[in-house]
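Asks: Questions regarding the structure given below will be posed in turn.
The values are calculated or read from the model by the stated rules, or taken from the named source; none is laboratory data. Small disclaimer: the values here were computed from a predicted structure and weren't measured. No Cβ is skipped: glycine too gets one built from the backbone with ideal geometry, and neighbour counts run over all protein chains shown. In case anyone asks, the SASA skips ligands and DNA or RNA and just uses the protein heavy atoms, side chains included. Shrake-Rupley method; radii C 1.70, N 1.55, O 1.52, S 1.80 Å.
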Amino acid sequence: KNLFLSGLTAMEKKLAEYKCNTNEAIQLKLVRFPEDLEDENTTFNPEYSHQVFGDDEVAFGYKGLKILLYYIAGNLSTLFRIEYASKVNEKFDCVEADDVESKIREIIPPGFCTNTDDFVSLLEKEVNFKPFGMLLHTYSIHNEEAGEDITYQIYKADMTCPGFRDYHERLQTFLMWFIETASFIDVDDERWNYFLVFEKYNKDGATLFATVGYMTVYNYYVYPDKTRPRVSQMLILPPFQGEGHGAQLLETVHRYYMSSPTVLDITAEDPSENYVKLRDFVLVKLCQDLLCFSPVKLMQGFSQEMVTEAQQKLKINKQHTRRVYEILRLRATNMGDAEQSRSYRLDVKRRLIGPYKKKQRELAKMRRCLRPEEMTNQLNQIDLNLQREQLEESFQQLVSDYRRVLERLAQA
């Protein structure tokens, strides 16, 4: 029996060597120049690969596995190759290696290159690539490394733009690696709008465009003649993250819909924490000059006037307007003043307590049917203490998020 066990562990040890973390194995690149292929600084890795390789994010059967997914920076023509030091042999080990190739093929569109020479020759045609659709906004950001200002442009595209459908298929594969719950959209539905960010760069005296990120927005119909655009997916590619492109994109999209008389307000589908912080910043920036948000009015509390003005002028819905109000009121409040800070705290907590109160009423109803009266009071007491703690925690967390938004605003 012991012999069997030691045999098993040796086998297990051997097999363990053939497991690779897919987030490390997948190597992504956005290629502008042939030398980028050899340059490790241009490589980046996924944050997630569970949608393709399962919750463990492991590929079995290879040692030193590398899954190369290289994209030409502009039109995203793809090179896909698999490399490894060794692979388990079915005859010898009685186990089969994962079919990594077919898993990747499921999410990347056909027509990719499998060898570097083909890819490099495609790179020479990149000079012909131009952004799709209609130019909405141009901005520049100073780049320390390059020692110069770099120009970026935001376009609105749709499926009628020649070549855009195929390009979008290549672009959306990035969602799988960087958005935890990503899914591909139905591009035949004409209610989708696409907003794309590009960087302008120079190569041999010509101006070329590189893909930076994008956003998809779905236009929901609201009876009788309005739409309610809902942000579905937003991704700034990792080499460009932290440079302010997300804020530029969101603000540009907001301004695009603001100019439309049929748009009611803008919402978002299941937003991430990062997206909420970004939206707070952009909406506060847009709202801070509205008359309804003057310091005097902020101190009088949240009002219908704020809701109406933010919706009519800026297409911001009531829930988001409330957050904007709380952030701007924090800026106008002297938190060192006991009276002012108490008033602010109560105002925010009154909003936070709403869901608790509702739950409380439901619990009370249930308990009346189930338990004697004195029991209910005791339980409510315990609940209230816990609730106060949770409420205070939520409040503190919110204030620290709000302060970060205000800091960013002060630098903008």
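Asks: Gain in length, Arg351 to Met335, computed as 0.36 nm per residue apart minus the alpha-carbon separation, to one decimal in nm?
Replies: Details: separation 16, 0.36 × 16 = 5.76 nm, distance 1.90 nm.
So the extension gain works out to 3.9 nm.
Asks: Cβ under 15 Å from Phe198's Cβ, Phe198 left aside: what net charge do those residues give with Lys, Arg +1 and Asp, Glu -1?
Replies: Details: positive: Arg32, Lys130, Lys156, Arg170, Lys200, Lys203; negative: Glu126, Glu199, Glu243.
Local net charge: +3.
Asks: When we measure straight from the Cα of Lys359, which aspartates and glutamates land under 14 angstrom away, once same-chain ones fewer than 8 places off are left out?
Replies: Qualifying aspartates and glutamates at Cα under 14 Å: Asp383.
Asks: Over what distance in Å are the Cα centres of the stretch 197-232 and the stretch 389-405 separated?
Replies: The stretch 197-232 and the stretch 389-405 have Cα centres separated by 33 Å.
Asks: Give, as a single signed number, the net charge of other residues whose beta carbon lies under 11 Å from the beta carbon of Ile72, with Lys and Arg counted +1 and Asp and Glu -1.
Replies: Numbers: positive: Lys29, Arg32, Lys125, Arg170; negative: Asp36, Glu124, Glu126.
With Lys, Arg at +1 and Asp, Glu at -1, the net is +1.
Asks: With +1 on the Cβ of every Lys and Arg and -1 on the Cβ of every Asp and Glu, and nothing else charged, how large is the dipole of the stretch 240-295 about its Cα centre, in debye rounded to the nearest 20? If you can, show how the numbers build up before the last one.
Replies: Working: 4 positive and 8 negative charges, 35 e Å.
With Lys and Arg at +1 and Asp and Glu at -1, about 160 debye.
Asks: Follow-up. Based on Cβ point charges of +1 for Lys and Arg and -1 for Asp and Glu, what charge dipole magnitude is obtained for the chain about its Cα centre, in debye rounded to the nearest 20? Working shown, then result.
Replies: Working: 53 positive and 62 negative charges, 471 e Å.
Dipole of the chain, to the nearest 20 debye: 2260 debye.
Asks: Return the sequence-ordered ³J(HN,Hα) values of the stretch 23-29 in whole Hz as given by the Karplus equation 6.51 cos²θ - 1.76 cosθ + 1.60 applied to θ = phi - 60°, using x for Gly and Pro.
Replies: Computed from phi, the couplings for the stretch 23-29 are 5, 8, 5, 6, 10, 9, 8 Hz.
Asks: Also, quick follow-up: Find how many whole Å separate the alpha carbon centroid of the stretch 279-309 from the alpha carbon centroid of the stretch 103-145.
Replies: 41 Å
Asks: Measure nothing fancy, just the Cα-based angle from helix 273-287's long axis to the longest principal axis of the chain, in degrees from 0 to 90, nearest 10.
Replies: Tilt relative to the chain: about 50 degrees.
Asks: State whether the stretch 1-126 is rounded, prolate or oblate according to the following rule on the C-alpha gyration tensor (a ≥ b ≥ c being the square roots of its eigenvalues): a/c under 1.5 gives rounded; otherwise a/b larger than b/c gives prolate, and the remaining case gives oblate. Before the final figure, lay out the partial values.
Replies: Numbers: a/c = 2.63, a/b = 2.59, b/c = 1.02.
It comes out prolate by the Cα gyration axes.
Asks: Further question on the same structure: Quick one: which of Lys297/Lys358; Lys103/Lys125; Lys29/Lys87; Lys156/Lys200; Lys277/Lys315; Lys19/Lys277 span more than 27 angstrom between C-alpha atoms? Don't skip to the answer; put the middle values down first.
Replies: On the way: Lys297/Lys358 29 Å; Lys103/Lys125 29 Å; Lys29/Lys87 25 Å; Lys156/Lys200 17 Å; Lys277/Lys315 18 Å; Lys19/Lys277 37 Å.
Pairs exceeding 27 Å: Lys297/Lys358; Lys103/Lys125; Lys19/Lys277.
Asks: Can you work out ³J(HN,Hα) from phi for every residue in the stretch 176-183, in order, using Karplus 6.51 cos²θ - 1.76 cosθ + 1.60 and θ = phi - 60°, giving whole Hz and x for Gly and Pro?
Replies: 4, 8, 10, 10, 4, 10, 5, 8
Asks: To the nearest 10 degrees, how steep is helix 318-332 against the longest Cα principal axis of the chain, on a 0 to 90 scale?
Replies: 70 degrees
Asks: Could you give the size of the charge dipole of the stretch 1-126 about its Cα centre, using +1 on the Cβ of each K and R and -1 on the Cβ of each D and E, expressed in debye and rounded to the nearest 20?
Replies: For the stretch 1-126, the charge dipole is close to 460 debye.
Asks: OK, next. Can you give me the long-range amide H partners of Ile26? Hydrogens built in the peptide plane at 1.01 Å from N, cutoff under 5 Å, separation of 5 or more residues or another chain.
Replies: Residues meeting the amide H criterion: Ile67.
Asks: Then there is this: Quick check: at a probe of 1.4 Å, how many percent of the accessible area of the stretch 1-126 sits on carbon and sulfur atoms? Spell out each step's value before the answer.
Replies: On the way: 3460 of 7180 Å².
Whole-percent figure for carbon plus sulfur exposure: 48.
Asks: Cα gyration tensor of the stretch 68-223, axes a ≥ b ≥ c as square roots of the eigenvalues: rounded (a/c below 1.5), prolate (a/b > b/c) or oblate?
Replies: On the way: a/c = 2.25, a/b = 1.40, b/c = 1.61.
Note, shape of the stretch 68-223 comes out oblate.
Asks: Accessible area of the stretch 273-315 with a 1.4 Å probe: how many percent of it is carbon plus sulfur?
Replies: Values: 1150 of 2160 Å².
Using a 1.4 Å probe with all protein chains present, the stretch 273-315 comes out at 53 percent carbon and sulfur.
Asks: Another one. In degrees from 0 to 90, rounded to the nearest 10, what is the angle of the helix 2-16 Cα long axis to the longest principal axis of the chain?
Replies: 80 degrees
Asks: On to the next question. Any idea of the accessible area per residue across the stretch 30-113, 1.4 Å probe, to the nearest Å²?
Replies: Numbers: 4390 Å² over 84 residues.
Per residue, the stretch 30-113 has 52 Å² of solvent-accessible surface.
Asks: Can you classify the chain as rounded, prolate or oblate using the Cα gyration tensor, where a ≥ b ≥ c are the square roots of its eigenvalues, rounded means a/c under 1.5, and otherwise it's prolate if a/b beats b/c and oblate if not?
Replies: Working: a/c = 2.26, a/b = 1.32, b/c = 1.71.
Cα axes put the chain in the oblate bin.
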